[in-house]
Amino acid sequence: MASTRPPERDVVKLLAKALRQLGDAGQPEKALALGGQAWWALKDDDPRAAEHINGVMHYLATLTPGPNAEVADSPAASPPTAG
């Protein structure tokens with residue numbers, strides 16, 4: 001029996017799963033950045049999908065970065081400057 005769910009909904013579910021796995025792997029900041037971009041792209045055309053991603057982002061916000069995570073604002077994530 002074929003699914004009556006639009007294929008976009010399956011893609012959003014796969015994206016949500018991938019974002020959670022990235023966060024669980026110690027990269028919640030990267031997952032949040034990607035989730036934010038996805039939310040922005042979805043918010044006007046598919047508010048329901050955007051809310052799903054928003055829920056994932058709330059989960060990601062509770063995670064602690066792993067020891068090897070690159071944080072955008074940390075000195076370790078930025079190249080050294082000459083000076």
Can you give the Kirkwood hydrodynamic radius of region 10-65 from its Cα pairs, in Å with one decimal?
-> 10.8
Mean Cα-pair separation over length for region 10-65, i.e. relative contact order, pairs under 8 Å, 6 or more apart, % = 42
At what distance in nm do the modelled label points of residue 46 and residue 13 sit from each other, each positioned 7 Å from its Cα along Cα→Cβ?
-> 1.2
Simple spin-label estimate for residue 68 and residue 37 in nanometres, 7 Å along Cα-Cβ = 2.2
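We did not get these values from a lab; they are worked out from the coordinates using the rules stated. Remember, it's a predicted structure, so these values are computed and weren't measured experimentally. Cβ sites come from the backbone with ideal geometry, for glycine too, and all protein chains shown count toward neighbours.
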